[in-house]
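Below: one structure, written as structure tokens.
The values are calculated or read from the model by the stated rules, or taken from the named source; none is laboratory data. Since the structure is predicted, the reported quantities are computational estimates derived from the model, not experimental observations. Here the Cβ positions follow ideal geometry from the backbone for every residue, glycine too, while neighbour counts run over all protein chains shown.
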Amino acid sequence: MANIYKNAFYDPSTTDAVTLYTAPTNANAIIQNIQITNTGGSKNVTARVTDSSATTSYIVAYAAVTGPTICNIAKGPIILEESDSISLESTDTSGISATLALLEISREDQNG
């Protein structure tokens with residue numbers, strides 16, 4: 001079993017949802033933080049988790065962000081099971097970015 005710390009980054013080129021991370025079929029993941037950076041203006045940011053077993057998406061975080069500011073929109077850990085994914089979308093593509101901090105927990109031995 002391997003625990004791997006990872007980041008996923010959001011630098012949107014569209015206002016549509018962008019998938020940032022999908023848990024592998026042999027792993028779960030814990031999203032610890034969704035840090036939003038807004039360099040100016042007002043933007044709405046939505047985070048969604050897609051439950052692959054139910055083929056349904058759920059809003060897990062939402063924020064109206066007025067910049068310049070940095071904020072964490074994950075108010076607690078978000079668990080992704082095998083093949084679940086997390087996506088972000090924003091009402092604007094200019095001056096907005098995000099970083100996801102996560103722990104991926106694999107059922108396979110990392111050394112082989």
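Do you know which residues across the range 5-14 are surrounded by fewer than 18 Cβ atoms within 10 Å (Cβ to Cβ), within 11 Å of the chain's Cα centre (by Cα) and of a type in the set (Ser, Thr, Tyr)?
First, the residues of the range 5-14 that are surrounded by fewer than 18 Cβ atoms within 10 Å (Cβ to Cβ): 5-7, 9, 11, 13-14.
Right, trim to within 11 Å of the chain's Cα centre (by Cα) and you get 7, 9.
Within the range 5-14, none qualify.
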Legend entry - Count of the range 64-76 residues which are surrounded by 12 or more Cβ atoms within 10 Å (Cβ to Cβ) and assigned to a loop (DSSP other than H, G, I, E, B): 2
Legend entry - In the range 91-103, the residues that are over 16 Å from ALA74 (Cβ atoms) and assigned to a strand (DSSP E or B): ILE96
Inset, instruction - Working only within the range 1-15, note down all residues that are in contact with a Leu (Cβ under 7 Å, 6 or more places away or on another chain) and polar (S, T, N, Q). - result: ASN3, ASN7
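Taking only the range 96-112 into account, find how many residues are over 16 Å from LYS6 (Cα atoms) and modelled with pLDDT of 95 or more.
Of the residues in the range 96-112, the ones over 16 Å from LYS6 (Cα atoms) are 96-97, 107-109, 111-112.
With the extra rule that they be modelled with pLDDT of 95 or more, the set shrinks to 96-97.
Final tally of qualifying residues: 2.
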Legend entry - Residue list for the range 9-55, restricted to those being of a type outside the set (A, V, I, L, M), in contact (Cβ under 8 Å) with a residue 12 or more places away in the chain and not in a strand (DSSP E or B): ASP11, PRO12, SER13, THR14, THR15, ASP16, PRO24, THR25, ASN26, SER52, SER53
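Can we say GLU89 is modelled with pLDDT of 95 or more and over 14 Å from the mean Cα position of the chain (by Cα)?
On the way: modelled with pLDDT of 95 or more: yes; over 14 Å from the mean Cα position of the chain (by Cα): no.
No.
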Inset, instruction - Scan the range 63-78 and give yes if some residue there is touching a strand residue (DSSP E or B) at 6+ places or on another chain (Cβ under 6 Å) and without any contact (Cβ under 8 Å) to a residue 24 or more places away in the chain, otherwise no. - result: yes
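Filtering the range 42-62 down to residues that are touching a strand residue (DSSP E or B) at 6+ places or on another chain (Cβ under 6 Å) and of a type in the set (Gly, Ala, Ser), which residue is nearest to ALA8 (Cα to Cα)? Working first, answer last.
So in the range 42-62, the residues touching a strand residue (DSSP E or B) at 6+ places or on another chain (Cβ under 6 Å) come out as 42-50, 57-62.
Pick out the ones that are also of a type in the set (Gly, Ala, Ser) and you get 42, 47, 57, 61.
Numbers: SER42: 23, ALA47: 13, SER57: 19, ALA61: 16 Å.
Top of the filtered list is ALA47.
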Inset, instruction - Please state which one of ALA2, ALA47, ALA17 is modelled with pLDDT of 95 or more, under 18 Å from ILE79 (Cβ atoms) and surrounded by 12 or more Cβ atoms within 10 Å (Cβ to Cβ). - result: ALA47
Inset, instruction - Of the conditions (1) part of a strand (DSSP E or B); (2) on the phi > 0 side of the Ramachandran plot, SER83 clears all except one; give me its number. - result: (1)
Legend entry - Qualifying residue in the range 21-32 (condition: within 16 Å of SER90 (Cα to Cα) and surrounded by fewer than 18 Cβ atoms within 10 Å (Cβ to Cβ)): no
